[in-house]
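Data block below; observations after.
The values are calculated or read from the model by the stated rules, or taken from the named source; none is laboratory data. As the structure is a prediction and not an experimental result, all values here were calculated from the model. Note that each Cβ is placed from the backbone with ideal geometry, even for glycine, and that neighbours are counted across all protein chains shown.
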Amino acid sequence: METNSNTITYVASKDEKKTFIEFPYSHYENDKFWVAPLLIEQKKLLDPNKNPFYNNAEIALFNVSFNDKHAGRIAAIIDHRYNKFHNTKTGFFGFFECIDQQSTADLLFKVAEDWLREKGMNTIMGPSNPGMMDELGILVEGFDKYPTILMPYHKDYYDKIIQKAGYKKEMDLLAYLVTQDSVDHERANRAMEIVKKRLPGISIRKINLRKIKDEVKIIREIFNSAWSKNWGFIPLSKEEFDNLASDLKSIVDNDFAHIAEIDGEPIAFSIALPDYNQIFRNMNGRLFPTGLFKILWNRKKINKVRTALMGVIPEYQGRGIDALLHREAINSGLKNGIFSSEVGWILENNVQMVRVAEKLGGTIDKRYRIYSKSLN
């Protein structure tokens, strides 16, 4: 299909998929703050044989060229479990990248929308890359800062061209920055004393990486319970959590991964990841030939973490346990040379978590946006 010198290609061959995956590496080559994701991980993300997300989902990939030069990409995605859980007919777009040209963006969205419409979807939302537990949203604030581990970075014109393509804001996702200078240690210590008086049986322990399978089971049960009322939630399967654990095991530091218990019963967890993007900045997405050496050599120099996952079961929410878990990570950071923590993403309408981040001394550092559009 050709429109105004744009040519769209449905990705079917290995070479076309390679082109799809590698586009961002040239698209952002002059952007100082973009951090190249590991190519090996991008390939796995889009491989139905390696990513359990596709056990319950469909995906179609599209490349676009302008005047015979690769100019963008998009994925159309159907997550059947999302639709079953929410009783909707929602399709998603993901992996969106595009030159600053409205006609090219419009064509990418049109082919994704047409594919989803033919599959019976009546709404499109995104970006999710590919699922709601992967990278989400388009960066709309914070272009002058490096993204932290597993967070996206985008061109500053994306919000404009997406909205001009007929999309409206569905939800903003916030990333808060807490530094050792901004954190209110005294307030955090008072909060700990109050929580311990209310819940004398509470204790916090490090995640045991030697028993990771048992720990993952605990975390999955807490997560699926804690997040059940949140926007966009779907319960994660055992296979998805096992896959997540396999990916994270090599980078999780249990000084920043904790489980809270009441009289020995797990009721909350928090996982902060060392910001390996500080190393990935200089690797151009490649582990070989020197990437592994760079990771091993430089990981002790990482001075930032990202609190990526947290959950408190419903009956204990609003009782300060999340603040207690944050305090534990902050104190561990003081001992390990960690200067700052990114807390997020946090849903803009999650008033409780926003308050916790602000009480810790956090300020909004980056904002990501999810969009939607009717297909009727």
Item to check | Selection status of Lys197, in a helix (DSSP H, G or I), at pLDDT 90 or above and closer than 12 Å to Gly320 by Cα | outcome: yes
Item to check | Test for Lys304: is it charged (D, E, K, R), closer than 28 Å to Ser26 by Cα and either assigned by TED's automatic domain parsing to the domain that holds Leu209 or in contact with a Leu (Cβ under 9 Å, 6 or more places away or on another chain) (or both) | outcome: yes
Checklist entry - Of the residues that sit in region 204-222 and are in a strand (DSSP E or B) and without any contact (Cβ under 8 Å) to a residue 60 or more places away in the chain, which one is surrounded by the most Cβ atoms within 10 Å (Cβ to Cβ)? => result Lys206
Checklist entry - Quick check, is Asn87 touching a residue at least 40 places away in the same chain (Cβ under 8 Å), farther than 21 Å from Asp159 by Cβ and of a type in the set (S, T, N, Q)? => result no
Checklist entry - Name the residues in region 226-237 that are at pLDDT 90 or above and buried (at least 17 other Cβ atoms within 10 Å of the Cβ), would you? => result Ala226, Trp227, Gly232, Phe233, Ile234
Next on the checklist: Taking the criterion of being in a strand (DSSP E or B), within 23 Å of the chain's Cα centre (by Cα) and not charged (D, E, K, R), would at least one residue in region 322-332 satisfy it?
Outcome noted: no
Checklist outcome for this item: Residue pairs within 6 Å by beta carbon, gap of at least six or interchain, first lying in region 250-275 and part of a loop (DSSP other than H, G, I, E, B), second modelled with pLDDT of 95 or more and polar (S, T, N, Q), listed first then second, are Asp275/Thr148
Checklist outcome for this item: Counting only residues that are within 17 Å of Glu135 (Cα to Cα) and not in a helix (DSSP H, G or I), region 7-32 contains a total of 0
Next on the checklist: Considering only residues that are within 20 Å of the chain's Cα centre (by Cα) and not in a helix (DSSP H, G or I), which ones fall in region 75-89?
Outcome noted: Ala75, Ala76, Ile77, Ile78, Asp79
Checklist entry - Are there any pairs, at least 6 apart or on different chains, whose C-beta atoms fall under 9 Å, with the first in region 41-58 and closer than 15 Å to Gly94 by Cβ and the second in a helix (DSSP H, G or I) and among the basic types (Lys, Arg), and if so, which? => result Leu46/Lys17; Asn51/Lys44; Ala57/Arg81
Checklist entry - Does any residue in region 112-128 that is not assigned by TED's automatic domain parsing to the domain that holds Asp79 and surrounded by fewer than 24 Cβ atoms within 10 Å (Cβ to Cβ) come within less than 8 Å, Cβ to Cβ, of a residue that is outside any helix (DSSP H, G or I) and modelled with pLDDT of 95 or more six or more places away or on a different chain, and which pairs are these? => result none
Item to check | Members of region 52-73 found to be buried (at least 20 other Cβ atoms within 10 Å of the Cβ) and within 18 Å of the chain's Cα centre (by Cα), listed by number | outcome: Phe53
